[in-house]
1. For residue 131 and residue 109 in one chain, what is 0.36 nm times their gap in residues minus the Cα-Cα distance, to one decimal in nm?
2. Could you pull out every residue, at least 5 positions away or on a different chain, whose amide H is within less than 5 Å of the one on residue 30? Hs are placed 1.01 Å off N in the peptide plane, and Pro or chain starts have none.
3. Pick the calculated semi-axes √(5λ) of the Cα gyration tensor in Å for this structure from [x] 77, 20, 11; [y] 21, 18, 15; [z] 28, 20, 16?
4. To the nearest 500 deg cm²/dmol, what mean residue ellipticity at 222 nm is calculated for the chain from DSSP H runs of n ≥ 4 alone, each contributing -39,500 (n - 2.57), summed and divided by the residues?
5. Using θ = phi - 60° and the Karplus curve 6.51 cos²θ - 1.76 cosθ + 1.60, what whole-Hz ³J(HN,Hα) does each residue of the range 89-104 get, with Gly and Pro shown as x?
6. With a 1.4 Å probe and all protein chains left in place, how much of the accessible area of the range 1-89 comes from carbon and sulfur atoms, in whole percent?
7. Relative to the longest principal Cα axis of the chain, at what angle does helix 65-76 sit, 0 to 90 degrees, rounded to 10?
8. Report the Stokes-Einstein translational diffusion coefficient (µm² s⁻¹, integer) for the range 111-154, Rh taken as the Kirkwood radius over Cα pairs, at 10 °C with viscosity 1.306 mPa s.
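The values are calculated or read from the model by the stated rules, or taken from the named source; none is laboratory data. Note that the coordinates shown come from a computational prediction; the quantities given were computed from them, not determined experimentally. Quick reminder, even Gly has a Cβ in these numbers, built from the backbone with ideal geometry, and neighbours come from all protein chains shown. Each accessible area value is taken on the protein alone, full model and side chains, heavy atoms only, with ligands, DNA and RNA left out. Shrake-Rupley method; radii C 1.70, N 1.55, O 1.52, S 1.80 Å.
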Amino acid sequence: GFLAKNFDPSISWDELGWIRESWKGKLIIKGLLDKEDAREAQRMGADGIVVSNHGGRQLDGAISTAQALPHIVEEVGDELTVLADSGVRSGLDVVRMLALGAKGVLLGRAYAYALAARGEAGVSHLLELIAADMRVTMTLIGANSPAEINQSHLDAVVKELKMSE
């Protein structure tokens, strides 16, 4: 019953065109894992995309964001703002996503848990932990700022991705 009430199987890229015509602000599409879908979002007028498998909740066999991200960045990275989401639990995970080509990283589930546990103080603490972990990781890979993180750092931060492929 839940799926029938909340998901419309007739939705297509045409609806995105309608949204783009109606909405003049920035349009970011979340939940893409395929480079052809990223290209279609760009053709339909999206300003950015969020590469995400929604934490694996929608399709538990879907590829990970980390696996999809490099292919999507290669396809549209200069034409769209590419953000990453899903599987981000630490500063190291943020650095990994940046090294894989994301321009920014979302902390949806971690943020929600911190907010539920301790409100604003919980979110502040989470962000401090993420930032501290990022600083340690950047020091270990030789990056002085998030802007310096790039593909040359992949060997240091994405070993388990290579082992799982």
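1. The span from residue 131 to residue 109 would gain 6.3 nm if fully extended.
2. 50
3. Computing semi-axes √(5λ) of the Cα gyration tensor in Å and matching it to [x] 77, 20, 11; [y] 21, 18, 15; [z] 28, 20, 16 gives [z].
4. Computed mean residue ellipticity for the chain: -16500 deg cm²/dmol.
5. With coefficients 6.51, -1.76 and 1.60, one gets 10, 8, x, 4, 4, 4, 4, 4, 5, 5, 5, 7, x, 5, 8, x Hz.
6. Ligands and nucleic acids excluded, carbon and sulfur reach 53 percent.
7. In the chain, helix 65-76 runs at an angle near 70 degrees to the longest axis.
8. In µm²/s, the coefficient rounds to 137.
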